[in-house]
Amino acid sequence: MKRLSLALAAMMVLGLAATSFAGEIAVKGSTTVQPIMQKAVEAFMAQHKGVSISISASGSGDGAKALIDGSTPLAMMSREMKESEIKQAKEKGVNPKQIVIAYDCITPVVNSANPVKNLTMAQLKDIYTGKVTDWKEVGGAAGPISVISRDSSSGTFEYWGEHVLKKERVYARAQMQASNGAVAQVVSKQKGAIGYVGLAYAKAPGLKDLTVDGVAGSIATTLNGTYPVSRGLYLYTNGRAHRRRGQACRVHHVPRWPEDRRLRGLHPPQEPEVHCQEGQEVGYSPHP
Amino acid sequence: MHRRTKEALIKQVFLGTAITSLAVLALIMVFLFMEGMPTFSFVSVKGFLTGLDWYPTDEARPDYGILPLIGASGAVTALSSVLAIPLGVMSAVYLAEIANPRVRAVVKPVIEMLASLPSVVLGFFGMVVLAPFLQDFLGIPVGLNLFNAALMLAFMSVPTIASVSEDAIYAVPRELKEASLALGATHLETLVRVTIPAALSGIGTAVILGMSRAIGETMVVLMVAGGAAVLPDSLFGPVRPMPASIAAEMAEAPFRSNHYHALFAIAMVLFLVTLGFNVIADYISHKHRQVGSASL
């Protein structure tokens, strides 16, 4: 009996000790930003042994909500925070601060067996709103178009809806997937599928990326603004981000996404060393 | 401690645990209704249950019609039941009546192991292996569809149905079977006309349990059913059952927003449907109840 109670006491102490782990951060949000964050976090944790950072990516909307609710100090988002989200955050005492970490272009992808090479913005809009349902209407082999989209928690989805669909509703028969990876996987397995992913995912096996209005998505065309569907990738924190967190990554603080595309390339070069390299490693455009 | 006090105390402890379970269920129900009822302040009940457009995040004109979701859940459950019930009941009959004890000792645990497969594993299998196979084999454009989801859900329901049915059939008293055989009936005739009708209440319960499992299953339909919120019009078209919608959208719905309340309203509908199933199961099991030695 004495040994049993001693063992129980020991287990309880161990169990309670586990909750006193110092320095744990949970980063939540966009699946597009996830590859960059993973590299940055690995580098950061290699330099700072006492900190444990976990990344949970399920969509920019989830990241925004987690920041507002306080369940994460750092939200990854592939779109800007909406006015309604900023208002909710302020009501809860959270002051969202935006940090641009990279630029990305959303690339439409089709199965590698599909002969189509280019689509105009108008054609993309018609496909995604359901006006065009057969590949022969846009220059491919006859067959039904299988429309793959992200679900509503995704920043990629919101951005696509605003800039390609011009705020019209997505076709009801579009198959909603939960992440960039899932879209890539589904498109690579269905011959008549079309989907849209961040640039880092467009080179997955089984996919073929399309040019939009004749412009191919790449680091160069994103930075000089010629690719029509490009956007920034953001981190949002509550208030001023502490300097210490940025040390290994040296994240560059930019207050506002410039409206005019041409200004994007003109940002004064300030060296986000590790971050810049990682962005390029993963396949995104480096923040200048 | 006095013996009588000890007895009374133990009775109270058991009563306490039973009440805890009831209380948890009641609290879940209350919470569900509390969070779901505000939905009907911004959408009418008729509009909610019969509306055809589910666009809750459209900022300009949000729409909260869940008929496609209800239709998808119904279709997926019906189809998976059509697949799972014959398979499950006939496996049960085989195990209880026809297999010799050595075969039974191997096959029964294997069927029950199928029940312990995590649903995400089945979803993954359906997404990565079954979907391309269906596309190539049947020549359909989309592999993530109603049929795929129904097939995976049938795999999940078969062990439940088989296990409970087998127990029900096994519990039929030997006197009934022996009397029938003594009067000259063959094994098959006994099975069909005596044993199975005697076990009907247990089999009915098993079937309803299997169907409840299928309608509430989330992970499989999230990964495999396709995700298109349209009324199911083809066996091989993508659909979006209710649990898949809730799982996909709950994480981003801001706390106590319209979207949040609408999702809870869907959960309410799901809860009421499952409750209905259980009531029916109870009714069937009482109606065909065998008085006497067959007691399942």
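So here's what we get for this one:
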read-out	value
Pairs with Cβ under 7 Å, 6+ apart, first in the stretch A:210-229 and on the phi > 0 side of the Ramachandran plot, second not in a helix (DSSP H, G or I)	A:213/A:120; A:213/A:228; A:214/A:118
Count of the stretch B:67-85 residues which are among the polar types (S, T, N, Q) and in contact with a Pro (Cβ under 6 Å, 6 or more places away or on another chain)	1
Count - residues of the stretch A:193-220 that are within 11 Å of another protein chain (Cβ to nearest Cβ) and crowded, with 21+ Cβ neighbours inside 10 Å	1
Qualifying residue in the stretch B:199-208 (condition: closer than 26 Å to residue B:34 by Cα and assigned to a helix (DSSP H, G or I))	no
Test: residue in the stretch A:229-239 that is in contact with a strand residue (DSSP E or B) (Cβ under 9 Å, 6 or more places away or on another chain), buried (at least 23 other Cβ atoms within 10 Å of the Cβ) and within 14 Å of chain B (Cβ to nearest Cβ)	no
Members of the stretch B:49-68 that are among the polar types (S, T, N, Q) and either at the interface with chain A (Cβ under 8 Å from one of its Cβ atoms) or at positive phi (or both)	B:57
Breaking point among (1) surrounded by fewer than 19 Cβ atoms within 10 Å (Cβ to Cβ); (2) at pLDDT below 90; (3) of a type outside the set (A, V, I, L, M); (4) in a helix (DSSP H, G or I), for residue B:58	(4)
Per-region count, the stretch A:214-257, residues touching a Pro at 6+ places or on another chain (Cβ under 6 Å) and modelled with pLDDT of 80 or more	1
Among (1) out of contact with any Gly (no Cβ under 7 Å at 6 or more places or on another chain); (2) more than 10 Å from every other protein chain (Cβ to nearest Cβ) - the single one residue A:118 does not satisfy	(1)
Among the candidates B:127, B:152, residue that is modelled with pLDDT of 90 or more, surrounded by 21 or more Cβ atoms within 10 Å (Cβ to Cβ) and either closer than 30 Å to residue A:149 by Cα or β-branched (Val, Ile, Thr) (or both)	B:152
Any chance residue A:71 is hydroxyl-bearing (Ser, Thr, Tyr), assigned to a loop (DSSP other than H, G, I, E, B) and surrounded by fewer than 22 Cβ atoms within 10 Å (Cβ to Cβ)	yes
Hits in the stretch A:141-161 (condition: assigned to a loop (DSSP other than H, G, I, E, B), within 9 Å of chain B (Cβ to nearest Cβ) and within 20 Å of residue B:142 (Cβ to Cβ))	A:143, A:145, A:151
Filter result for residue A:97 (surrounded by fewer than 23 Cβ atoms within 10 Å (Cβ to Cβ) and within 20 Å of residue B:257 (Cα to Cα))	no
Candidate set: the stretch A:139-153, residues that are modelled with pLDDT of 85 or more and touching a Ser or Thr at 6+ places or on another chain (Cβ under 8 Å); chosen: the one nearest to residue A:128 (Cα to Cα)	A:145
Among the candidates A:83, A:91, residue that is loosely packed, with under 14 Cβ neighbours inside 10 Å, at pLDDT 85 or above and closer than 25 Å to residue A:198 by Cβ	A:83
Yes/no for residue B:185 being part of a helix (DSSP H, G or I) and among the small types (Gly, Ala, Ser)	no
Hits in the stretch B:116-135 - residues which are within 12 Å of chain A (Cβ to nearest Cβ) and over 18 Å from residue B:87 (Cβ atoms)	B:123, B:124, B:127, B:128, B:129, B:131, B:132, B:133, B:134, B:135
In the stretch A:43-69, the residues that are free of Cβ contacts under 8 Å to residues at least 60 places away in the same chain and either in contact with a helix residue (DSSP H, G or I) (Cβ under 9 Å, 6 or more places away or on another chain) or within 11 Å of chain B (Cβ to nearest Cβ) (or both)	A:51, A:52, A:53, A:54, A:55, A:56, A:65, A:66, A:68, A:69
Search result, residues across the stretch B:107-124 that are among the β-branched types (Val, Ile, Thr) and surrounded by 15 or more Cβ atoms within 10 Å (Cβ to Cβ)	B:107, B:111
Any pair with Cβ under 7 angstrom, 6 or more apart, that starts in the stretch B:136-147 at a residue that is at the interface with another protein chain (Cβ under 7 Å from one of its Cβ atoms) and ends at one that is among the hydrophobic types (A, V, I, L, M, F, W, C) and part of a loop (DSSP other than H, G, I, E, B)	B:142/B:236; B:144/B:225
Among the candidates A:102, A:172, residue that is among the aliphatic types (A, V, I, L, M), out of contact with any Cys (no Cβ under 7 Å at 6 or more places or on another chain) and either away from every other protein chain (no Cβ under 12 Å) or buried (at least 23 other Cβ atoms within 10 Å of the Cβ) (or both)	A:102
Qualifying residues in the stretch B:226-253 (those that are assigned to a loop (DSSP other than H, G, I, E, B) and charged (D, E, K, R)) - the one surrounded by the most Cβ atoms within 10 Å (Cβ to Cβ)	B:240
Flag if residue A:188 is in a helix (DSSP H, G or I), of a type in the set (Gly, Ala, Ser), over 15 Å from residue A:30 (Cβ atoms) and touching a residue at least 12 places away in the same chain (Cβ under 8 Å)	yes
Filter result for residue B:22 (assigned to a helix (DSSP H, G or I) and free of Cβ contacts under 8 Å to residues at least 24 places away in the same chain)	yes
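The values are calculated or read from the model by the stated rules, or taken from the named source; none is laboratory data. No experiment lies behind these values; they were computed from the predicted model shown. Note that we place each Cβ from the backbone using ideal geometry, even for glycine, and neighbour counts take in every protein chain shown.
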